[in-house]
Structures are given as structure tokens and as C-alpha cells.
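The values are calculated or read from the model by the stated rules, or taken from the named source; none is laboratory data. Model, not experiment: these values are computed from the prediction. Cβ coordinates were reconstructed from backbone atoms using ideal geometry, including for glycine residues, and neighbour counts include every protein chain displayed.
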Amino acid sequence: MSRDANTALARALVDEWARAGVAHAVVAPGSRSTPLALALAADGRIRLHVHLDERSAAFFALGTARATGRPAVVLCTSGTAAANFHPAVLEARHSRVPLLVCTADRPPELRDTGAGQTVDQLKLYGDAVRWFCEVGAPEDPGPGRGAAAGAAWRSVAARAVAEADGPPAGPVHLNLAFREPLVPTGEPLVDAPGRPDGRPWTVSLAPARRLPDAAVVDRVVELVRGARCGALVVGWGAAVDPVTVEALAAVTGWPVLADPLSGLRRGPGAISTYDALLRVPAFAAAHVPDLVVRVGAPLTSKAATAWLGPGVPQLLVDPDGDWLDPRHAACERVAADAGALLDGVAARLAAEGHDPGGGWIGSWVAAESAARAAIDALVDSWPEPFEGRIARDVVAALPDGATLLMASSMPVRDVESFAAPRDGLRITANRGVNGIDGFVSTVLGTAAGVASGAGAGGSPVVALVGDLCFLHDANGLLGARDRGLDATFVVVDNDGGGIFSFLPQADAAPEHFETLFGTPHGVDLGALARVHGVPVDEIEKAGDLVPALDAAIRAGGVRAVLVRTDRAANVTRHREVWSAVAAAIT
């Protein structure tokens, strides 16, 4: 009598993941993945989500993992299903999100034979994963040998979680071959017991922080002490306590140029209007720093990126040693925990009685005040919706504790350019590879992760998304109303790719612009959302947005607030804002 190895392997993996604190699993239906899907469904410790579309499933898992900080499982059958995970795998890799990517496969004897739904899945995602394991088709090892097989299976599961957790965090890929029968046979299982104390098979104790040594702190103090006109630039992934940033800004007298995604756009030194300010040539030229300490990814703003060219001395800090330097401008790098480093530098400078002076930061703060007043006065004077105002008002209106997700293209740029400093808000985006794919699913996955957290009640999840991004993942809306989630989508509909209207293509190839770049879709997005059972509030006046957003959050469930804008008018108004800022500071 042969014992059931498929079910034993699947249950051992799931048990290990649950022991390690994995709380969410996303399954895309299929046959070959049946053993693991059934094991996940049977284990009440892991919440199961089912998505028909594999790409949506993977991005939903990405959202839950980012929201919780814990690996999420995503499972599919063999063939092209596994290929559809690839975009989310890439995003997880580059944004350091832990994912347990599980692809079912045919056993070795069916590969490369023309068997249906079979492709080469070995190392399918290449270097995009932190670790790959071909688990192998489970077999009954025979009498007296089940414990060895169980130990191997459980060790794989424990290592998968450890590799996904990092540091750095990221996706791992387990390729799982299953022979038929794929459903439980009713025979006894291969013996694969876990640790009797309920702990994971292997507990990995990774250092939580990569602390800088004294020599590194000395070197950075030396650099900062010698710079009178410096700047602290922080992008997404900075992972620094705001108090630390404010302390260093205060002791150095430096401005803080913080991408909203960093969570650090707050405090008296925060310059939220840097995109508009640095478009003014005279201001940009007069405010070139003699040192920049840069933490996290580069800023999104092209004006700021151009200003921070190779001629500006820059110190790049990243805990994982990633080379986040697309302008090739960094003159020194530090692979260390940024918070610990900046704390150490600020403490040393304060102890030395470092005099920050006031002229440098004073000129930045004065420009910030003038620019903010000019921006607000102008956009508030327009009664019809303007995309910059939409971004500003959404950020300002959300309650403390809310999570805001920004889509790539214009939403992330408009929030960077128009949002005023504030705290109490978590802002995220798929900025690892900056794609628009999978965004709807990422939002819903984030909502699932937020809902599962301690004290999550009253913590709304809101998304700011353009029409093409919303359409690109329309399958993410499948079943959205029945998932028990709260998420509000603010959809900015300008009937096409609004970002391209700002690029040279708009003037260089006008005869082909709409076909190749503008790409008007003509879809009624309100009707599309309603088909999926998602209520929609369509607004026409700029002042109606915040009340509609507040009402959607209070109502709960998955909802959309649709705001229509005009692409050509949007470009004109952005330029009017830039001109107003230039006039205000000159």
C-alpha cells in the first residue's frame, strides 16, 4: 500500500508557514496545484483568497505582504499561469516585499514531451527571486523513512520564509511537481511531523539592523561638518524614523526633500514644493548644495533628479547596499541602517555644539512658504477638477492612520508635486519597477493586510489611480465586492495616457501622438466598476471631491470616486502652476 505523499508534502509546507507567522495565501484556480490548494483551504490559521487571474492574484499577495510585512503565499497551476506571476515577482524583488511564489508543475517524466500546459518552470523568474527551489515530486520513501522526507520538506518551507524575509526581503520561488492522483487518496499520509513544541522546523534569527561602526559614523560626521549648505534627500524605502530626520535637519540646518512615499515629508525643514522650485533656473542655480545625504530611492521629480547631477557631492545610504544611483552621482556609499547612522551623526554634531547657521535653511523655508501659497491660491481658484489639486486634497483629507496607494505615471508625480507636509498617513506605491500593472489587486491586497492587523479598525485604504492603470487591472475587480474589504479608489479619468502629454512625444510626433501615446480608450469607467458591483460617485466640481471621498470611506466596502479631467488642460494648468511659483519667489 502506497502512502499519500502529495497531501503529506502540501500539509507539511502549510503547517510550517503557519508556524512561521504567514497569515495570507492567494490561490489562482487550477488542477495541478490541487494538493497545496486543498491544504491551504483546510488550515484555518492562514486566510485564503482566490483570484481567477494569476497576475491579479500575485499583485494581491504583494499588497498583503507589503501591508503586513510578512511573506504571503501565492499559488498557481503549471504553464502560462506561472508566467503571469512574473510582473509581481519583479515588483517584489525591486521593492523588497516578501513573497512565497509557488508554482505547480508536471513531474519530470512529463516535461519536454508535449504534455499539455507544460513549460520549463525551472528558475522561471531568473535572478528576480532571492531563492529558487525545485522541490521535486513527492514520493513515499518506504517504511521507516518518512521522517527523513518530512524533515526535508519542512526544512524547505522554513528556509523559504527565511529567504523571503531577508534581509533584504523579496520573493522566493518553489516549483512543486505533483503526480496524479492530485486529490487525497484516503491512504495513510507519509509521516512528516513538525516540532512538538509548535515552533518552525528551523528558526532563522537574522539581524534586524545593519549597524554602522564607529569609523563609518566618524566619516559621515566629517563630511557633514564640512558642508554648510547641505540637503537631506529621502525617497521610498528610506525606513527611517521621522524624529531622526528632524533631529539631523535641525542640527545641520539642512532642508529635507522627501518623496511622500518615504513617510518623512513632515517637520519644519520639509520642503514639499521642491519640484516646482527647482524648475525655476535662478532658484536651482542659487541652491546647489555642497553635500547631499541621500537615503532610499531617488526622488521621482525630473527637476530634482537633474539638479542632483554628478557635480553635486552625494553620500548614498542603503541598508542592503543597493546601488540606487541612476545619475551615477554618488561619491561615497554606506551599506548600513540609515536610522542608526543618522542618529549617530546627529548626536555627535549636537554634542560638539555644531552651529547650523540660519541663512541656508531660511532661504529654503521662505521659498517653500511662497511657493505653497502660490500653488494653493491658484489651484483653489479653479472650480473644475485639476489633477494636481486632486492629489493635494486626497492627501490632506485622509484621516490619521489611513493608507494611501498611488499609481505610477501621473498620480505619484502629482502627490510629490502638490501634497503638503503631513504625518499620520502611510503612503505606498508599486515603485520597485514603476509599472501600472496589477494596481487594483495591490490595493485590495493591501486592504486585506490592513484589515488583518491589530487595531486596524477605522484605518481606511484609499487609492489614487489614473484611468489606464485602473483599466489595466480591471480583472482585479472580479469578486471585489464579496471579499469583505474596505477600499476606496479615486479614479482620475482623462481618457488616455496623461503623462505622455508632458513628454517630447506630444510635440515631436503630433500626427501619431494620440494613436501611440495618448491612447484614448473611450470606456465608461463608472459603468465598468458597476458591472463588478462597485458603487461609483462621479463628481464634476473640484470642491465636491473631499465630501465624496469622506462619504465613500464612511460607507465602507469597495467603492470608487470618479473624477474626469482633460489631458490638454491638465498640461496647461501644470505649467501655470510652475509660472506662478516662479513669480512668487523672484
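So S381 passes all but one of these: (1) within 30 Å of R567 (Cβ to Cβ); (2) surrounded by 13 or more Cβ atoms within 10 Å (Cβ to Cβ). Which condition number does it fail?
Among (1) within 30 Å of R567 (Cβ to Cβ); (2) surrounded by 13 or more Cβ atoms within 10 Å (Cβ to Cβ), S381 violates only (2).
Pick from segment 87-108 the residues that are out of contact with any strand residue (DSSP E or B) (no Cβ under 7 Å at 6 or more places or on another chain) and crowded, with 24+ Cβ neighbours inside 10 Å: which of them is farthest from A72 (Cα to Cα)?
Per the criteria, the residue is E91.
Would you tally the residues in segment 431-459 being modelled with pLDDT of 95 or more and of a type outside the set (V, I, T)?
8
Condition test on S501, is it of a type in the set (S, T, Y) and more than 20 Å from the chain's Cα centre (by Cα)?
Yes; evaluated as a whole, the condition is true for this residue.
If you check G235, G230, which single one turns out to be surrounded by 20 or more Cβ atoms within 10 Å (Cβ to Cβ), in contact (Cβ under 8 Å) with a residue 40 or more places away in the chain, touching a Gly at 6+ places or on another chain (Cβ under 6 Å) and not assigned by TED's automatic domain parsing to the domain that holds S408?
That would be G235, the only listed residue that is surrounded by 20 or more Cβ atoms within 10 Å (Cβ to Cβ), in contact (Cβ under 8 Å) with a residue 40 or more places away in the chain, touching a Gly at 6+ places or on another chain (Cβ under 6 Å) and not assigned by TED's automatic domain parsing to the domain that holds S408.
Does segment 546-559 contain any residue that is surrounded by 17 or more Cβ atoms within 10 Å (Cβ to Cβ), assigned by TED's automatic domain parsing to the domain that holds M410 and assigned to a strand (DSSP E or B)?
yes
Take residues that are surrounded by fewer than 24 Cβ atoms within 10 Å (Cβ to Cβ) and tell me which of the strands (runs of 3 or more DSSP E) falling wholly in segment 254-320 contain 2 or more.
The qualifying strands (runs of 3 or more DSSP E) are 291-295, 314-317.
Can you name every one of the strands (runs of 3 or more DSSP E) wholly within segment 61-179 that holds 1 or more residues which are assigned by TED's automatic domain parsing to the domain that holds L36 and of a type in the set (D, E, K, R)?
Correct list: 99-105, 131-134.
How about segment 333-380: which of its residues are closer than 22 Å to L316 by Cβ and assigned to a loop (DSSP other than H, G, I, E, B)?
A335, A336, D337
Considering every residue within segment 405-428, establish whether at least one is surrounded by fewer than 23 Cβ atoms within 10 Å (Cβ to Cβ), farther than 27 Å from W578 by Cα and not basic (K, R).
yes
Among A10, A28, A5, A42, which is among the small types (G, A, S) and under 23 Å from the mean Cα position of the chain (by Cα)?
A28
Looking at (1) more than 19 Å from the chain's Cα centre (by Cα); (2) more than 26 Å from R111 (Cβ to Cβ); (3) buried (at least 24 other Cβ atoms within 10 Å of the Cβ), find the lone condition where A67 falls short.
Single failed check for A67: (1).
Would you mind finding the one in P181, P193 that is farther than 13 Å from E16 by Cβ, surrounded by fewer than 20 Cβ atoms within 10 Å (Cβ to Cβ) and of a type outside the set (A, V, I, L, M)?
Testing whether each residue is farther than 13 Å from E16 by Cβ, surrounded by fewer than 20 Cβ atoms within 10 Å (Cβ to Cβ) and of a type outside the set (A, V, I, L, M) leaves just P181.
Return the residues of segment 241-253 that are surrounded by 20 or more Cβ atoms within 10 Å (Cβ to Cβ), assigned to a helix (DSSP H, G or I) and in contact with a Pro (Cβ under 8 Å, 6 or more places away or on another chain); say none if nothing qualifies.
Those that are surrounded by 20 or more Cβ atoms within 10 Å (Cβ to Cβ), assigned to a helix (DSSP H, G or I) and in contact with a Pro (Cβ under 8 Å, 6 or more places away or on another chain): A249, V251, T252.
For segment 21-56, how many residues meet the condition of being among the aliphatic types (A, V, I, L, M), buried (at least 23 other Cβ atoms within 10 Å of the Cβ) and touching a residue at least 60 places away in the same chain (Cβ under 8 Å)?
Residues flagged as among the aliphatic types (A, V, I, L, M), buried (at least 23 other Cβ atoms within 10 Å of the Cβ) and touching a residue at least 60 places away in the same chain (Cβ under 8 Å) within segment 21-56 amount to 3.
Given the options C76, C133, name the one that is of a type outside the set (A, V, I, L, M) and within 26 Å of S452 (Cβ to Cβ).
C76
How many of the residues making up segment 482-518 are surrounded by 14 or more Cβ atoms within 10 Å (Cβ to Cβ) and either assigned to a loop (DSSP other than H, G, I, E, B) or not assigned by TED's automatic domain parsing to the domain that holds T446 (or both)?
7
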